[in-house]
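**Q** Sharing a structure with you now.
The values are calculated or read from the model by the stated rules, or taken from the named source; none is laboratory data. In this text, all values refer to a predicted model and were calculated from it rather than measured experimentally. No Cβ is skipped: glycine too gets one built from the backbone with ideal geometry, and neighbour counts run over all protein chains shown.
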Amino acid sequence: MVPGLSCLAHAASADSAANGENLLVFVGQKISLEKQPPPGCDNCIIMDEHFVANYRILDTVFGDYRANTIAFDVYDHYGTPAFSTYETVLLFVSRQPDGSWVHEKYQFYDLHQGVDAQWYGCGDPYQNYPNPPRTVKARPVEFAAPVSYPLKELKPEQIKRYYPAGYFDIRGGRAWCLKATSAADLFEAKKQTILTARGIFKKGSE
């Protein structure tokens with residue numbers, strides 16, 4: 001699932017106490033994203049493009065960070081990181097031994113604000129994970145503005161995969177959000193799956 005893994009992308013995980021002590025999860029809004037030359041890396045091959053992202057922190061979901069902006073490195077095998085195309089996202093970054101931050105590769109949710117001023121991500125919170133625990137469930141949410149996604153460049157099988165029935169209403173060339181999950185519960189879904197698989201949390205940790 002993580003092709004072209006850079007030698008730096010998960011450096012924090014190997015030395016963590018598996019309780020997320022080096023992890024920061026936040027609702028972010030892009031300030032800037034700048035492509036960088038690949039860093040030096042002993043005894044490994046860099047197969048990813050390197051970026052430095054600067055984001056405004058709108059809300060902290062997990063972790064200890066006092067400033068309202070953050071700069072972090074991003075490594076992506078496919079080029080410009082997908083999360084940077086959305087206005088507001090839930091991001092996962094890990095603190096390195098030198099105090100810098102690195103994005104947990106490919107991990108994000110795009111978010112939208114509900115009328116209750118909370119942040120939500122549309123769709124299945126466990127999408128693309130086989131046999132997930134499903135302790136977190138999406139529900140109908142009233143958004144400040146209707147949320148939909150364009151389908152023009154997608155094939156029918158892609159639409160079915162990315163915008164499954166029950167979570168989205170497909171009409172007018174767009175996928176309209178029917179159910180969404182809070183930012184806190186989205187973090188829980190990641191914690192139970194990929195963040196545990198990467199050794200950031202112990203299996204079954206609260």
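**Q** Checking the condition assigned to a loop (DSSP other than H, G, I, E, B) and more than 30 Å from ALA165 (Cα to Cα), which residue from ARG66, ARG56 passes? Talk me through it step by step, then tell me what you get.
**A** Values: ARG56 fails: assigned to a loop (DSSP other than H, G, I, E, B).
It is ARG66.
**Q** Take the residues of the range 108-126 that are under 10 Å from VAL89 (Cβ atoms) and part of a strand (DSSP E or B): which is nearest to the chain's Cα centre (by Cα)?
**A** Just the residues of the range 108-126 that are under 10 Å from VAL89 (Cβ atoms), to begin with: 108-111, 119, 121.
If we keep only those that are part of a strand (DSSP E or B) too, we end up with 108-110, 119, 121.
On the way: PHE108: 1, TYR109: 4, ASP110: 7, TRP119: 14, GLY121: 10 Å.
Looking at residues that are under 10 Å from VAL89 (Cβ atoms) and part of a strand (DSSP E or B), I get PHE108.
**Q** Quick check: is even one residue across the range 58-71 buried (at least 20 other Cβ atoms within 10 Å of the Cβ) and either in the same structural domain as SER148 (by TED's automatic domain parsing) or of a type in the set (Phe, Trp, Tyr) (or both)?
**A** Checking the range 58-71: not a single residue is buried (at least 20 other Cβ atoms within 10 Å of the Cβ) and either in the same structural domain as SER148 (by TED's automatic domain parsing) or of a type in the set (Phe, Trp, Tyr) (or both).
**Q** Only one of GLU49, GLU21 is charged (D, E, K, R) and touching a Lys or Arg at 6+ places or on another chain (Cβ under 7 Å); which? Show your work before the answer.
**A** Details: GLU21 fails: touching a Lys or Arg at 6+ places or on another chain (Cβ under 7 Å).
The match here is GLU49.
Per-residue answers, yes or no, for (1) over 29 Å from TYR75 (Cα atoms); (2) at pLDDT 95 or above:
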{"position": "GLU104", "(1), (2)": "no, yes"}
{"position": "PHE108", "(1), (2)": "no, yes"}
{"position": "ASP116", "(1), (2)": "yes, yes"}
{"position": "TRP119", "(1), (2)": "no, yes"}
{"position": "PRO125", "(1), (2)": "no, yes"}
{"position": "ASN128", "(1), (2)": "no, no"}
{"position": "LYS137", "(1), (2)": "yes, yes"}
{"position": "GLN158", "(1), (2)": "no, yes"}
{"position": "ALA165", "(1), (2)": "yes, yes"}
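**Q** Here is a further query. On the basis of being touching an Asp or Glu at 6+ places or on another chain (Cβ under 7 Å), exposed (fewer than 15 other Cβ atoms within 10 Å of the Cβ) and at pLDDT below 95, does GLY79 make the cut? Spell out the reasoning first.
**A** Values: touching an Asp or Glu at 6+ places or on another chain (Cβ under 7 Å): yes; exposed (fewer than 15 other Cβ atoms within 10 Å of the Cβ): yes; at pLDDT below 95: yes.
So GLY79 fits the description; yes.
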